[in-house]
Structures are given as C-alpha cells and as structure tokens.
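*Asks:* Here it is: the structure, laid out below.
The values are calculated or read from the model by the stated rules, or taken from the named source; none is laboratory data. Please read all numbers here as calculations on a predicted model, not as lab measurements. When we count neighbours, we look across all protein chains shown, and the Cβ atoms used for this are built from the backbone with ideal geometry, even at glycine.
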Amino acid sequence: MGRIILFLVLLAVGLGVLYEQFGRFRARRAFPMTGRLVRVGDHRLHCTATAPRGPVVVFESGLDPGGALPWERVVRQVAPFATAFTYDRAGIQRSERGTPPKTGAAMARDLHDLLHLAGYPPPYLLVGHSLAGLLLRSFVAQYPMEVGGVVLVDASHPDQLKRLPTQLLDQMKADGPPPRWVVRLAAAVGLVRFFGHSQYAGTRPNDRINLANQAFLPSSIDATMEELAQMPALLDEARQVTSFGTIPLRVVTGTSPTRDQQEVPDATLREEMNRTWYALQQDQLRLSTRSAQLLAPKSGHYVQLEQPEIVTAAIKQLLDQAVATGRVPDRSARPGGGLPAVAAAR
C-alpha cells in the first residue's frame, strides 16, 4: 500500500512539473517579448522604452509579480512627450534573478546600471508605485545629480509598520504567505499556475495585463516573496534618506472612499487605516522643498490603472518644474491641457 501511495505521489508531482513546463512554454508563445534583455553584472534585466522623445521617464514598480505591467496605460500617455522606460526587477517576469541582494541600495544600482548600459543617459524623472517609494529613496541618495524629479504613486512610507493600526498589522501577519520553499515547490509543480488567478484594479478579467501576469506568475512569485520578506529591512534602509533637497517631487494619492473595501471589510478599521495612510502620504511631501500632492478621488492603491491621467498630469507638472529649475533641459515641446488641482504644495 505504501508503495502505491508513493507511486501516486511521484506521478502527481511528475505530471505537475510537465504541466508547469508546458505552461511556461505557452506563456512565451502567447506573450512574446516586446523589449530586450540587458546584461547587468551576472544577470539580465528585461526593459522596454518608447521612441526617444524628450527626457527619460523611468517607471519603478511596487511589490508586484506583474513587474512593469501596471504601467502600460501611463506609458501610452507619456510616450508623445517623453521617453518612457520600464523594466522588471531581478527575478520578476522575464528578468533573471542573479545574485545581488534585495536591498534598496542594490536594486537602485541595478536600475542605474541598466539605464546606462541600455543607452539612456540622465537626467531621469523617476516614477515609483508602492514599494518603489522605498527603492527610489536609495536611488536618489546614490545618484542625486542624475535625478530631475520624482513622482511617488501611493508610495510606501518608512514608518508605515509603526503607524498603521495594530489590528491591521496583526491581521496581515496572520494572513501572511507560506514559507518561500513551499511557494517555490508549488510553483514548480504547477499549483501556482492552476490556482493563481488575480485581477488588477480598474481592469477586466480577460485584459492582457491579467493574462500576462498569470502566465508568468510561477516564475515571478519567488522573487516577489523574497522582496516581501525583506520589507522590514527595506523600511529601515529607506528611513535613512530624509531629504531629496530641491529635487521636484509629486505625491499622487488614491483617495476613493471605497478603497481597500474588499481587503479590509471592517468599516471602522478601514477608515482608520486610510486616514493614517493619507497622513503618511502627506508626510512624503517633506522629502523635497519643491513638492506637491495630487489626489485621485476615484482610485485606490493602483492609481496608474484606475486614473492613469492623474499620474501623467503629475509627470507633466514635474517635467515643467524640472525644466524651469534647470534640472532637465528643455528638449521637446510638451502638450498642454488641464491638470488636476494640486492638493498641497510646498
């Protein structure tokens, strides 16, 4: 009986591995690579860029196995007046993991080296979502003379684990992911591919962004879990960077009254969480002497998908200010158009 059970287990594992390998083959066929792989040290990073036009706008993603996918709508809007550069961090989507540690400083160096090796010189306008708010602090600290401006989109704050409601943090710990070895095993035998269905805010289930995310999820999830495990260290690292000086900054914040409704069904806890999150967002304004906040009243955490025009407006504002202050040369004629009201400025 024991041998039969062992045989059935090995058969199931073998079939799962075959299922996963076939799934990865289909993913590469269904979603052919649109960018290129650039070798940075001991690994290759996947990056894409629109036609050279004006300054280089660099998009850094949050803690997301989809990598650069959520930026697609903003990239299309930015392409007419700037060079939009996106990439996937090491181990995410099509980028190779390599050996550099998942520290803010190391990931900032990865991005910096990638930009130079790919042929995109500074100055850069940096746009970061969520976790990227921590990583971009490291980039600014290491390469301040190469940064023309920064846009933080509902970005993480170094003190969020200290200031968010204790009940919420306890709930997050209780609902935390399994150990990484379990996740890696589940990915190898096809369980992540079979059960890993998710949908980005502001999208439909069959939109390309969701299908592509699901297709490459098994190969991205380990690096994503690695970054999640490093979150306390990343927060501590980012806390050391307290000022961008005079580098222009825009803070974009999702303020929809229904944000996080599904994740936090308790109305009282959700209200407290969102009030604290808004205060953390306002605190980000202190990073620069030339900062302003833009509100996205119909968006939750993924403003770039729910109201991409507001992120684009922030980039336009930032570019105008960076040109006016001489941080970015005026190399292109940029379209005008109405911009959302500035909620707070310094």
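*Asks:* Looking at D113, is it of a type in the set (D, E, K, R), surrounded by fewer than 17 Cβ atoms within 10 Å (Cβ to Cβ) and in contact (Cβ under 8 Å) with a residue 12 or more places away in the chain? Spell out the reasoning first.
*Replies:* Details: of a type in the set (D, E, K, R): yes; surrounded by fewer than 17 Cβ atoms within 10 Å (Cβ to Cβ): yes; in contact (Cβ under 8 Å) with a residue 12 or more places away in the chain: yes.
Criteria met by D113.
*Asks:* Could I ask something else about it? Going through L217, L228, L269 one at a time, which residue ends up being out of contact with any Gly (no Cβ under 9 Å at 6 or more places or on another chain) and either acidic (D, E) or not in a strand (DSSP E or B) (or both)? Write out each step before concluding.
*Replies:* On the way: L217 fails: out of contact with any Gly (no Cβ under 9 Å at 6 or more places or on another chain); L228 fails: out of contact with any Gly (no Cβ under 9 Å at 6 or more places or on another chain).
Answer to the selection: L269.
*Asks:* Still on this model: Give me the pairs: first residue in the range 224-236 and closer than 17 Å to V192 by Cβ, second residue assigned to a helix (DSSP H, G or I), beta-carbon distance under 6 Å, and six or more apart or on different chains, which are they?
*Replies:* If the second residue must be assigned to a helix (DSSP H, G or I), the pairs left are M225/R180; M225/V183.
*Asks:* For the range 232-266, what are the residues that are of a type in the set (D, E, K, R) and either closer than 22 Å to T103 by Cβ or not in a loop (DSSP other than H, G, I, E, B) (or both)? Give the derivation first.
*Replies:* Within the range 232-266, the subset of a type in the set (D, E, K, R) is 236-237, 239, 250, 259-260, 263, 266.
Of everything in the range 232-266, those that are of a type in the set (D, E, K, R) and either closer than 22 Å to T103 by Cβ or not in a loop (DSSP other than H, G, I, E, B) (or both) turn out to be D236, E237, R239, R250.
*Asks:* Considering S156, S198, S219, which residue is buried (at least 19 other Cβ atoms within 10 Å of the Cβ), under 22 Å from T258 (Cβ atoms) and hydroxyl-bearing (S, T, Y)?
*Replies:* After ruling out the rest, the residue left standing is S156.
*Asks:* Restricted to the range 171-195, and to residues that are in a loop (DSSP other than H, G, I, E, B) and under 17 Å from L228 (Cα atoms), which residue is modelled with the highest pLDDT?
*Replies:* Residues of the range 171-195 that are in a loop (DSSP other than H, G, I, E, B), as a first pass: 175-179, 189-190.
Retained after the next criterion (residues that are under 17 Å from L228 (Cα atoms)): 175-179.
Numbers: D175: 77, G176: 79, P177: 83, P178: 88, P179: 91.
Among residues in the range 171-195 that are in a loop (DSSP other than H, G, I, E, B) and under 17 Å from L228 (Cα atoms), the one modelled with the highest pLDDT is P179.
*Asks:* Kindly provide the set of residues from the range 1-35 that are of a type in the set (D, E, K, R) and in contact (Cβ under 8 Å) with a residue 24 or more places away in the chain, ordered by number. First the steps, then the outcome.
*Replies:* First pass over the range 1-35, keeping only residues of a type in the set (D, E, K, R): 3, 20, 24, 26, 28-29.
Hits for the range 1-35 are E20, R24, R26.
*Asks:* Can you report the number of residues in the range 272-298 which are surrounded by 15 or more Cβ atoms within 10 Å (Cβ to Cβ) and outside any helix (DSSP H, G or I)?
*Replies:* Of the residues in that region, 9 qualify.
*Asks:* Right, something else. Can you name the residue in the range 27-52 that is surrounded by 12 or more Cβ atoms within 10 Å (Cβ to Cβ) and among the charged types (D, E, K, R) and is also farthest from H112 (Cα to Cα) among such residues?
*Replies:* Filtering first and then ranking leaves R28.
*Asks:* Residues that are small (G, A, S), at pLDDT 85 or above and in contact with a Pro (Cβ under 7 Å, 6 or more places away or on another chain): does the range 295-309 have at least one?
*Replies:* So the first thing to find is which residues in the range 295-309 are small (G, A, S), and the list is 296, 299-300.
Now drop any that are not at pLDDT 85 or above, which leaves 296, 299-300.
From the residues that got through so far, the ones that are in contact with a Pro (Cβ under 7 Å, 6 or more places away or on another chain) too are none.
No: the range 295-309 contains no residue that is small (G, A, S), at pLDDT 85 or above and in contact with a Pro (Cβ under 7 Å, 6 or more places away or on another chain).
*Asks:* Name every residue in the range 61-83 that is under 14 Å from L111 (Cα atoms) and without any contact (Cβ under 8 Å) to a residue 60 or more places away in the chain, in order of residue number.
*Replies:* A68
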